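Asker: One structure follows; several queries about it will come next.
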Amino acid sequence: MTEDTHVLDALPEGAASDWTIPQDWAHYSAEEHATWDTLFERQATLLPGRASNAYLRGLDVLKLSKPGIPDFEELSERLMRLTGWQVVAVPGLVPDDVFFDHMANRRFVAGNFIRRPDQLDYLQEPDVFHDVFGHVPMLADPVFADYLAAYGRGGQRALGLDALKYLGRLYWYTVEFGLIAEPEGLRIYGSGIVSSFAESRFALDDPSPNRIAFDLARVMRTDYRIDDFQQNYFVIPGFDELLRLTVETDFAPLYESLKALPDIPVAALDPADVVITHGTQAYAKGKAAA
């Protein structure tokens, strides 16, 4: 969920009132299953030593290494036993109120289509690989699962407070592009990184981006791009702290205070930042010069 992506204009034909549709697993072609397997193999090979311990445990316990696109019913059975979540298919991006209602009730919405073989490295609209490989392993972690449910409840409140922009940034810089400090070093947990072959390396290895200690208000002031590598990554100390901040913060006055402050541009540093890695910005400068 982002502040500047589109959603379908009307309930699609065949969708239930909550925008869910059958996954229709039996109708995936051999080529589509092979595309999943290709994407899975290269990410599963790359991520040990890069992805968070929680993500790697989820990948294992949910048996996502089984060949072919996962069957949502089987996946949901395993997930329900662990954290009470389930995966439901939707035809694409859904309205904000629908998205938050599903999340608040521990239903993770996932596209039921997969990218073409010529789109392995980038697809603007999330597909089943991004949604399931990227997001679902983290839902097997009880603390992160609670965080996402709390986020969904917060989203329902934000809709009435004209604050979706700020809450969308929190999702972007945690659920999609978050880093965590583990004893072995910085690790990835954001789905937009773990599902991307290129950004899985860029986020940890490249000297260009800033890596900044997580601060809730700072994150919610920060712009982002949806069509390129991030130039600021925010590092949480642990999932317990992320959940605590989400549950204990009174967001209504925070939103009001943020509305009086300027947004922080992509790649910019703030004087109050605790900078873990001061980026060279070479990547962004190179793109600008091209």
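The values are calculated or read from the model by the stated rules, or taken from the named source; none is laboratory data. Model, not experiment: these values are computed from the prediction. We place every Cβ from the backbone using ideal geometry, glycine too, and count neighbours over all the protein chains shown. Side chains included, ligands, DNA and RNA excluded: accessible areas come from the protein's heavy atoms. Shrake-Rupley method; radii C 1.70, N 1.55, O 1.52, S 1.80 Å.
Asker: Based on this model, can you work out whether SER257 counts as touching a helix residue (DSSP H, G or I) at 6+ places or on another chain (Cβ under 7 Å) and either farther than 19 Å from HIS130 by Cα or modelled with pLDDT of 95 or more (or both)? Walk me through it before giving the result.
Answerer: Working: touching a helix residue (DSSP H, G or I) at 6+ places or on another chain (Cβ under 7 Å): no; either farther than 19 Å from HIS130 by Cα or modelled with pLDDT of 95 or more (or both): yes.
Here the answer is no, as SER257 does not meet what is asked.
Asker: Specify the residue that is farthest from the chain's Cα centre (by Cα); the eligible residues are those in region 23-51 that are exposed (fewer than 15 other Cβ atoms within 10 Å of the Cβ) and not in a helix (DSSP H, G or I).
Answerer: Out of the qualifying residues, it is SER29.
Asker: Sticking with this one: Listed residues TYR151, TYR147; which is touching a helix residue (DSSP H, G or I) at 6+ places or on another chain (Cβ under 6 Å) and among the hydroxyl-bearing types (Ser, Thr, Tyr)? Can you show your working first?
Answerer: Values: TYR151 fails: touching a helix residue (DSSP H, G or I) at 6+ places or on another chain (Cβ under 6 Å).
Exactly one residue qualifies, and that residue is TYR147.
Asker: Right, next: Filter region 271-290 for residues that are surrounded by 14 or more Cβ atoms within 10 Å (Cβ to Cβ) and of a type outside the set (Val, Ile, Thr) and give the result.
Answerer: ASP273, GLY279, GLN281, TYR283, ALA284
Asker: From THR35, THR45, THR83, grab the single residue that is more than 29 Å from GLY238 (Cβ to Cβ), out of contact with any His (no Cβ under 9 Å at 6 or more places or on another chain) and among the β-branched types (Val, Ile, Thr). Before the answer, list the steps.
Answerer: Numbers: THR45 fails: more than 29 Å from GLY238 (Cβ to Cβ); THR83 fails: more than 29 Å from GLY238 (Cβ to Cβ).
Among THR35, THR45, THR83, only THR35 is more than 29 Å from GLY238 (Cβ to Cβ), out of contact with any His (no Cβ under 9 Å at 6 or more places or on another chain) and among the β-branched types (Val, Ile, Thr).
Asker: So, one more: ALA284 is checked against (1) among the hydrophobic types (A, V, I, L, M, F, W, C); (2) in a loop (DSSP other than H, G, I, E, B); (3) over 24 Å from SER52 (Cβ atoms) and fails just one. What number does that condition carry?
Answerer: The single condition ALA284 does not satisfy is (2).
Asker: Check whether at least one residue in region 193-208 is assigned to a helix (DSSP H, G or I), over 30 Å from LEU120 (Cβ atoms) and of a type in the set (A, V, I, L, M, F, W, C), and report yes or no.
Answerer: Narrowing region 193-208 to residues assigned to a helix (DSSP H, G or I): 193-194, 197-205.
In the following step, the residues that additionally are over 30 Å from LEU120 (Cβ atoms) were identified as none.
For region 193-208, residues assigned to a helix (DSSP H, G or I), over 30 Å from LEU120 (Cβ atoms) and of a type in the set (A, V, I, L, M, F, W, C): absent.
Asker: Surrounded by 13 or more Cβ atoms within 10 Å (Cβ to Cβ), over 24 Å from PHE144 (Cβ atoms) and not small (Gly, Ala, Ser): does that describe ILE264?
Answerer: Numbers: surrounded by 13 or more Cβ atoms within 10 Å (Cβ to Cβ): yes; over 24 Å from PHE144 (Cβ atoms): yes; not small (Gly, Ala, Ser): yes.
Criteria met by ILE264.
Asker: Sticking with this one: State all residues of region 102-116 that are within 17 Å of the chain's Cα centre (by Cα) and either assigned to a helix (DSSP H, G or I) or more than 30 Å from SER29 (Cβ to Cβ) (or both); if no residue qualifies, say none.
Answerer: HIS102, MET103, ALA104, ARG106, listed by residue number.
Asker: Just to verify a result, which residue in region 171-187, among those that are open to solvent by less than 40 Å² (accessible area, probe 1.4 Å) and among the aliphatic types (A, V, I, L, M), is farthest from ILE212 (Cα to Cα)?
Answerer: In this case the residue turns out to be VAL175.
Asker: Same structure, new question: From ALA252, ALA213, which residue is over 14 Å from TRP172 (Cβ atoms), more than 19 Å from the chain's Cα centre (by Cα) and either surrounded by fewer than 20 Cβ atoms within 10 Å (Cβ to Cβ) or of a type in the set (A, V, I, L, M) (or both)? Write out each step before concluding.
Answerer: On the way: ALA213 fails: more than 19 Å from the chain's Cα centre (by Cα).
Checking each option against the conditions leaves just ALA252.
Asker: Any chance region 81-99 includes a residue that's touching an Asp or Glu at 6+ places or on another chain (Cβ under 7 Å), surrounded by 15 or more Cβ atoms within 10 Å (Cβ to Cβ), closer than 29 Å to THR45 by Cα and free of Cβ contacts under 8 Å to residues at least 24 places away in the same chain? Reasoning before the result, please.
Answerer: Initially, region 81-99 is screened for residues touching an Asp or Glu at 6+ places or on another chain (Cβ under 7 Å), giving 92-93, 98.
Narrowing the set further to residues that are surrounded by 15 or more Cβ atoms within 10 Å (Cβ to Cβ) leaves 92-93, 98.
Adding the requirement that they be closer than 29 Å to THR45 by Cα leaves 92.
Checking which are free of Cβ contacts under 8 Å to residues at least 24 places away in the same chain leaves us with none.
Checked region 81-99: no residue is touching an Asp or Glu at 6+ places or on another chain (Cβ under 7 Å), surrounded by 15 or more Cβ atoms within 10 Å (Cβ to Cβ), closer than 29 Å to THR45 by Cα and free of Cβ contacts under 8 Å to residues at least 24 places away in the same chain.
Asker: Is there a residue in region 139-155 that is free of Cβ contacts under 8 Å to residues at least 40 places away in the same chain and open to solvent by 30 Å² or more (accessible area, probe 1.4 Å)? Explain how you work it out, then say what you get.
Answerer: Restricting attention to region 139-155, the residues satisfying the condition of being free of Cβ contacts under 8 Å to residues at least 40 places away in the same chain are none.
Checked region 139-155: no residue is free of Cβ contacts under 8 Å to residues at least 40 places away in the same chain and open to solvent by 30 Å² or more (accessible area, probe 1.4 Å).
Asker: Shifting gears a bit: Which condition does GLY68 not pass, out of (1) closer than 30 Å to ALA198 by Cβ; (2) buried (at least 18 other Cβ atoms within 10 Å of the Cβ); (3) not polar (S, T, N, Q), if it passes all the others?
Answerer: (2)
Asker: Exactly one condition in (1) open to solvent by 10 Å² or more (accessible area, probe 1.4 Å); (2) farther than 28 Å from TRP36 by Cα; (3) polar (S, T, N, Q) is false for THR222; which is it?
Answerer: Of everything listed in (1) open to solvent by 10 Å² or more (accessible area, probe 1.4 Å); (2) farther than 28 Å from TRP36 by Cα; (3) polar (S, T, N, Q), THR222 misses just condition (1).
Asker: Let me ask you something else. Can you name every residue in region 117-138 that is surrounded by 20 or more Cβ atoms within 10 Å (Cβ to Cβ), not in a loop (DSSP other than H, G, I, E, B) and not small (Gly, Ala, Ser)? Walk me through how you get there before you give the answer.
Answerer: The initial filter retains those residues of region 117-138 that are surrounded by 20 or more Cβ atoms within 10 Å (Cβ to Cβ), namely 126-138.
So of that shortlist, the ones also not in a loop (DSSP other than H, G, I, E, B) come out as 128-138.
Answer for region 117-138, where residues must be surrounded by 20 or more Cβ atoms within 10 Å (Cβ to Cβ), not in a loop (DSSP other than H, G, I, E, B) and not small (Gly, Ala, Ser): VAL128, PHE129, HIS130, ASP131, VAL132, PHE133, HIS135, VAL136, PRO137, MET138.
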